[in-house]
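The values are calculated or read from the model by the stated rules, or taken from the named source; none is laboratory data. Source: prediction; values computed, not measured. Neighbour counts run over all protein chains shown; Cβ positions are idealised from the backbone, glycine included.
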Amino acid sequence: MTIEDVSNFQKDFIKGRKFNVVLVGDQKKLNLKDLQNYGQVKELSLDEIFGYEKPMKVKMEAPKL
C-alpha cells in the first residue's frame with residue numbers, strides 16, 4: 001500500500017461525507033472551545049456512551065407474618 005493508495009481511498013470513500021468523531025478522555029485535558037471549530041460538540045455521560053443502567057433505590061418492607 002502506498003501513500004497514493006491512501007490518498008485515493010480518502011478521495012473515493014471519505015471526502016465530502018459527514019461523520020461523527022468520538023473523543024474519550026479527561027475533560028480537563030480537552031479544549032472544547034477549539035473542538036467547536038470542527039462542528040457541534042456534545043458531551044455525553046458514561047451511561048450514554050456505554051449504556052449502563054443507573055441503579056435505582058427500591059424501598060423494601062419486611063414481610064408481614
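Out of everything in the stretch 12-63 that is among the charged types (D, E, K, R) and surrounded by 10 or more Cβ atoms within 10 Å (Cβ to Cβ), what residue ends up being farthest from the chain's Cα centre (by Cα)? In this case the residue turns out to be Asp47. Do we have any residue at all in the stretch 36-54 that's out of contact with any Gly (no Cβ under 6 Å at 6 or more places or on another chain), modelled with pLDDT of 90 or more and not in a loop (DSSP other than H, G, I, E, B)? Checked against the condition, which is being out of contact with any Gly (no Cβ under 6 Å at 6 or more places or on another chain), modelled with pLDDT of 90 or more and not in a loop (DSSP other than H, G, I, E, B), the stretch 36-54 yields at least one hit.
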